[in-house]
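*Asks:* Got a structure for you, questions after.
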Amino acid sequence: MQPQRTKVDFTGQHIFVGLDIGQRAWKTAILTAELEHKTFTQPPRVEVLVNYVYRTFPGAQVHCVYEAGFSGFWIHDALRQHGIDCIVVNPADVPTTNKEHVLKTDRVDARKLARQLRNGELTPIYVPPRNALEVRSVVRMRWSFVKKQTRCKNQIKALLSFYGIALPKEIQTQHWSRRFLAWVENIALLDPNGKHALLALVSELYHLRDIIAQLTKQIRQIAQDEPYQPLVAYLVSIPGISILAAMILLTELVDIHRFQNPDRLASYCGLTPGEHSSGDTELITGLTPRRNPLLRAVLVECAWVAVRRDPVLLAAFSTLSKRMLKQKAIIRIARKLLNRVRYVLKHQQPYQIQQGS
């Protein structure tokens, strides 16, 4: 007579999984409420982890965590679809001991994440829906190509300066117009190889312009469709905000209601000062390095436009400029502009320009 097998049941128990994500393999650390179960290497596939934890801990409630990085959020979405509670954390916010910092391995990182998940020491970041992420990728890609275009222009100017070629007076104010580029293409250099280098840069600039035009057209099309069309209309009612700027704000913020107050929103955008305090010493530094770089850049750009179009912001900017540099004053204006953005999105209504101060 064979002995009767006891069926294992982990109903009501919690299992904690820390993942260190790599391109070729994942380090997986699994902890129960009392002890460490196992740390192992697995193929980079969600189903491998799901099958293991459900086979080993039937009925248990599984919690998982990994650091945000190159892998994006598809692992988070896949694990949640399989019933696993998963969070994603900012690597900079994970508490690390000196020993873990000195002896840093994938195995150590996975165990650290699992242990801190069990202890409740981790704060998850916001994970946008997949469709919002894909729209965001189009907007970010355009921004990336605009920076590449600026770099290419600087390379052309640097090459002209290197050979001592001055711009004719009649086109000095027409940089990057068709006439200017035609003049660049017709520049005669002593050696054909120098001309090839110059034309290669001009060809790259034309190519970048075409890509930016295509992406801009696509973003404007997205702005005319749901759910962005009404939100874009609210945002462009604010002086200084264009359709492209509105799409950057919407795709980066995603949900304005996830920010509990204006200070949280300003901190996310990087429009708050840093601080280093110890004992009786309090030191306020410049803008915090923790930020969404795209949001801060576009808000500052919009602020420069807004002070020329909005009398209230112009008056505020003039007052601020009397006691600080204009570069610092415009940050204050960007903060005011952000408050307007928050208002119209939360109340779902256009902004009304105020004529008084």
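A short reminder: the numbers here are calculations on the coordinates, not readings from a lab. Remember, predicted model here, so these are calculated numbers, not experimental data. Positions of Cβ are generated from backbone atoms using ideal geometry, with glycine treated the same way; all protein chains shown enter the neighbour counts.
*Asks:* Can you list the residues, at least 5 places off or on another chain, whose amide H is less than 5 Å from the amide H of His63, using H built in the peptide plane?
*Replies:* It is Ile15, Phe16, Val17, by chain and number.
*Asks:* Under 22 Å between alpha carbons: how many lysine pairs meet that in the range 1-153, if sequence neighbours fewer than 8 apart on the same chain are excluded?
*Replies:* Summing the qualifying lysine pairs gives 10.
*Asks:* With axes computed from alpha carbons, what is the tilt in degrees of helix 243-253 against the longest principal axis of the chain, rounded to the nearest 10 within 0 to 90?
*Replies:* Helix 243-253 sits roughly 20 degrees off the main axis of the chain.
*Asks:* Another question, if that's okay. In the P(r) worked out for the range 229-347, what percent of Cα pairs fall beyond 20 Å?
*Replies:* Considering the range 229-347, 43 percent of its Cα-Cα pairs are separated by more than 20 Å.
*Asks:* Could you give the dipole magnitude of the range 130-223 about its Cα centre, charging the beta-carbon of Lys and Arg +1 and that of Asp and Glu -1, in debye to the nearest 20?
*Replies:* For the range 130-223, the charge dipole is close to 520 debye.
*Asks:* Another one. I'd like the per residue volume of the convex hull spanned by the Cα atoms of the range 14-119, given in cubic angstrom.
*Replies:* Here the figure is 96 Å³ per residue.
*Asks:* Now a separate question. Step through the residues of the range 77-91 one at a time and calculate ³J(HN,Hα) from phi using the Karplus curve (6.51 cos²θ - 1.76 cosθ + 1.60, θ = phi - 60°), rounding each to whole Hz and writing x for Gly and Pro.
*Replies:* 5, 5, 5, 5, 5, 8, x, 9, 6, 10, 10, 10, 10, 6, x
*Asks:* How many times 2.2 N^0.38 Å is the alpha carbon radius of gyration of the range 130-223?
*Replies:* Compactness ratio reported: 1.33.
*Asks:* Could you run the Karplus curve 6.51 cos²θ - 1.76 cosθ + 1.60 with θ = phi - 60° over the range 211-225 and give me ³J(HN,Hα) per residue in whole Hz, x for Gly and Pro?
*Replies:* Here the 3J(HN,Hα) series is 5, 4, 5, 5, 5, 4, 4, 5, 5, 5, 5, 4, 5, 8, 10 Hz.
*Asks:* Which of Leu325, Leu205, Leu244 ends up with the largest GNM mean-square fluctuation for the chain, with Cα atoms connected below 10 Å?
*Replies:* Its mean-square fluctuation being the largest, the pick is Leu325.
*Asks:* Could I ask something else about it? What number does the chain give for Rg over Rh if you use C-alpha atoms and the Kirkwood radius?
*Replies:* Answer for the chain: 1.08.
*Asks:* Among Thr39, Thr173, Thr251, which one shows the biggest mean-square fluctuation in a GNM of the chain, springs joining Cα atoms closer than 10 Å?
*Replies:* Fluctuation is largest for Thr173.
*Asks:* Also: Looking at the chain, what % of its DSSP beta bridges pair antiparallel, to the nearest 5?
*Replies:* For the chain, the DSSP antiparallel bridge percentage is about 60.
*Asks:* Please identify the cysteines of the chain that lack any partner cysteine with a Cβ under 4.7 Å from their own Cβ.
*Replies:* For the chain, the answer is Cys152, Cys269, Cys302, because their Cβ atoms have no other cysteine Cβ under 4.7 Å.
*Asks:* Hey, if you put +1 on the Cβ of every Lys and Arg and -1 on every Asp and Glu Cβ in the chain, which of Ala306, Thr272, Val236 ends up farthest toward the positive end of that dipole?
*Replies:* The residue sitting farthest along the positive end of the dipole is Ala306.
*Asks:* Related question: Net charge within 13 Å of Thr39 by Cβ-Cβ distance, Lys/Arg positive one each and Asp/Glu negative one each, not counting Thr39 itself?
*Replies:* +2
*Asks:* Here is a further query. Projected area of the range 167-210, taken from the Cα convex hull and averaged over every viewing direction, in nm²?
*Replies:* 3.2 nm²
*Asks:* Please go through the range 41-97 and write out the chymotrypsin sites (Phe, Trp or Tyr not before Pro) that DSSP classes as loop and that have at most 13 other C-beta atoms within 10 Å.
*Replies:* Of the chymotrypsin sites (Phe, Trp or Tyr not before Pro), the ones in loops of the range 41-97 whose Cβ has at most 13 other Cβ atoms within 10 Å are Phe70.
*Asks:* Give the long-range amide H neighbours of Phe259: residues separated by 5 or more places, or on another chain, with amide H under 5 Å away, using H modelled in the peptide plane at 1.01 Å from N.
*Replies:* none
*Asks:* Taking the alpha-carbon distance from Lys326 and a cut-off under 21 Å, which lysines remain once sequence neighbours fewer than 8 residues away in the same chain are dropped?
*Replies:* Straight-distance partners of Lys326: Lys336.
*Asks:* Enumerate the amide H contacts of Leu122 below 5 Å, restricted to partners 5 or more residues apart or on another chain; note that Pro and chain-start residues carry no placed amide H.
*Replies:* none
*Asks:* In whole Å, what is the distance between the alpha-carbon centres of the range 76-148 and the range 219-250?
*Replies:* When both Cα centres are located, 29 Å separates them.
*Asks:* What list of ³J(HN,Hα) couplings, whole Hz, do you get for the range 301-310 from phi and the Karplus terms 6.51, -1.76, 1.60, once you set θ to phi - 60° and write x for glycine and proline?
*Replies:* Couplings: 4, 5, 5, 4, 6, 5, 5, 8, 10, 10 Hz.
*Asks:* Nothing charged except the Cβ atoms of Lys and Arg (+1) and of Asp and Glu (-1): what's the magnitude of the dipole of the chain about its Cα centre? Round to the nearest 20 debye.
*Replies:* 840 debye
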